[in-house]
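Rule-based calculations on the coordinates, nothing more; no lab input. Note that the coordinates shown come from a computational prediction; the quantities given were computed from them, not determined experimentally. Using ideal geometry, Cβ is built from the backbone for each residue, glycine included, and neighbour counts are taken over all protein chains shown.
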Amino acid sequence: MNKEIIPIALEEPPSYGFYGRLQAEFPSQVLMDITEVCNLACTHCPHPDFKLSEHYDARYLNPELNSKMVDEVKRHGQGITQYIRYTSNGEPLVHPNGYDMIEEAVKYSGVFVTMTTNGTIMNEKRTTRLLEAGVHMIDISIDAFKPETYAKIRVGGDLEVTRANVLRLLKWVQESKSNTKVVVSYVEQPDNSVETADFEKFWKDQGANFVVVRRLHSCSGAKIDLAAMRRKLFNTESRRPCLYPWERIVINAKGDLAFCPSDWVHGSHVTDYKGTTIKETWNSEFYQKLREAHLTNDYSNHKFCGQCPDWQSTRWPGQGRSYADMVEEFIVEEAEKQ
């Protein structure tokens, strides 16, 4: 149970492109951004502003597209796709079909399935449903150790409720000897930085499989003040390629394929998933030109990437420990048990 801290500056790998877990045939990560609806208004998250913008429509992903994705991963992702991750520009567990979609992926995709949640609505019934679905990893975003800090950062939430939900989950996993991994995560920021060590120690002592501590970032420029701060630290000459075009693809709540997991303005839209496939899109001319733009540092035709200051937060294979490395350790651990 180590702590992951994503640094601001990283050493460059020997080259950029497909190597290690990154595969040209199919993405190593498929992110399922299944709803825009959220029950909190976190201060470090763009959702409160997103909810007031023209981009928001309280969407829920069509479950048929989840089935299509599962079938594609089963056919093309074996030995390539590291994991499917259910996450959101909202709270995944509010999707009316969320549990069924996750269970379908666990049963039929043939790959590791994870879910990220704020944990606030994980009551006994919902927790049982998740464990019955067999999800391989649950990542709960908490971001505070003290109730008053939680209330300030995770507006609309109650730490006592969330903490009780997670402690119950940990208890049930331990008692049932479930294979589900439990991760708690924390975005370090001015309002909670003095609590980081206490947060990490508490959840390690409670039996969390991993405690993830992330640095605050701008959500691909959506948090304007943070974006400005990062741009002052990194000029275009020092910029390196972002990992995402070589690592992951996103299916968002609209049913679009997109290339960025922190896109709040539909600026990383590629195509409508209903009319194509992940495999075709991953190998398309669009993706090839996007990767070339990152390699040449020429974003004249990719304005969304050009304005984003968060490229330095992505970690290429061999650049130190990453979230993907943590998941890989869990996968290896489970394989050794079989």
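At full extension, residue 108 and residue 204 could sit 31.3 nm farther apart than now, given 0.36 nm per residue minus the alpha carbon distance. For a straight C-alpha distance cut-off of 17 angstrom, the aspartates and glutamates reachable from residue 254 (same-chain residues fewer than eight places away being disregarded) are 33, 36, 54, 57, 64, 91, 263, 272. With the simple model of a label 7 Å out from the Cα in the direction of the Cβ, residue 55 to residue 325 spans 3.1 nm. Against the compact-protein benchmark of 2.2 N^0.38 Å, the Cα-based radius of gyration of region 238-338 scales to 1.21. Could you please report the charge total around residue 300, scoring K, R as +1 and D, E as -1 over all other residues with beta-carbon less than 13 angstrom from its beta-carbon? Here the charged neighbours net out to 0. Computed over region 24-80, the P(r) curve from all C-alpha pair distances, binned at 5 Å from the origin, holds 4, 15, 20, 16, 13, 13, 13, 7, 0 percent per bin.
Taking only the Cα atoms of region 165-228, the radius of gyration and Dmax are 15.1, 48 Å.
The stretch between residue 128 and residue 18, if pulled fully straight at 0.36 nm per residue, gains 35.7 nm over its current Cα-Cα span.
Each residue of region 277-293 was assigned a 3J(HN,Hα) from its phi angle through the Karplus expression (A = 6.51, B = -1.76, C = 1.60, θ = phi - 60°), giving 10, 4, 4, 4, 5, 4, 9, 7, 4, 4, 5, 5, 6, 4, 5, 5, 4 Hz with x at Gly and Pro.
Using a cut-off of 31 Å between Cα atoms, the listed pairs 68/289; 107/146; 68/181; 68/146; 152/204; 125/201 include 107/146; 68/146 as exceeding that distance.
As a calculated quantity, the FRET efficiency between residue 75 and residue 178 at R0 = 22 Å, using C-beta atoms, amounts to about 0.15.
Per-residue packing, averaged as other Cβ atoms within 10 Å, sorts the ranges 17-30, 188-201, 88-101 into the order 88-101, 17-30, 188-201, beginning with the highest. Here's the picture: charge each Lys and Arg Cβ at +1 and each Asp and Glu Cβ at -1 in the chain, and of 197, 265, 76 the one pushed furthest to the positive end of that dipole is 197.
Computed from label points 7 Å out along Cα-Cβ, the spacing between residue 272 and residue 39 is 3.3 nm. For region 205-212, 3J(HN,Hα) computed residue by residue from phi via the Karplus equation (6.51, -1.76, 1.60; θ = phi - 60°) reads 5, 7, x, 4, 5, 7, 10, 9 Hz, glycine and proline entered as x.
Debye-formula intensities of region 102-160, expressed as log10 I(q)/I(0) at q = 0.13, 0.14 Å⁻¹, are -0.42, -0.48 (one equal scatterer per alpha-carbon, no solvent).
Within the chain, DSSP assigns beta bridges of which about 20% are antiparallel (rounded to the nearest 5). Compactness check for region 70-112: Cα Rg over 2.2 N^0.38 Å is 1.20. Using equal-weight Cα scatterers in the Debye expression, the normalised intensity of the chain in log10 at q = 0.16 Å⁻¹ is -1.69.
Rounded to the nearest whole Hz, the Karplus-based 3J(HN,Hα) values (6.51 cos²θ - 1.76 cosθ + 1.60, θ = phi - 60°) of region 322-333 follow the sequence 10, 4, 4, 5, 4, 4, 4, 4, 5, 4, 5, 4, with x at glycine and proline. Judged by the mean number of other Cβ atoms found within 10 Å, the most tightly packed of the peptides 34-41, 115-122 leads the ranking 115-122, 34-41. The calculated Kirkwood hydrodynamic radius for region 144-200 is 12.5 Å, given to one decimal from all distinct C-alpha pairs.
In summary, region 79-202 shows an alpha-carbon radius of gyration equal to 1.08 times the 2.2 N^0.38 Å reference for compact globular proteins. Shape index of region 1-156: Rg/Rh, with Rg the Cα radius of gyration and Rh the Kirkwood radius from the inverse mean 1/r over Cα pairs, equals 0.99.
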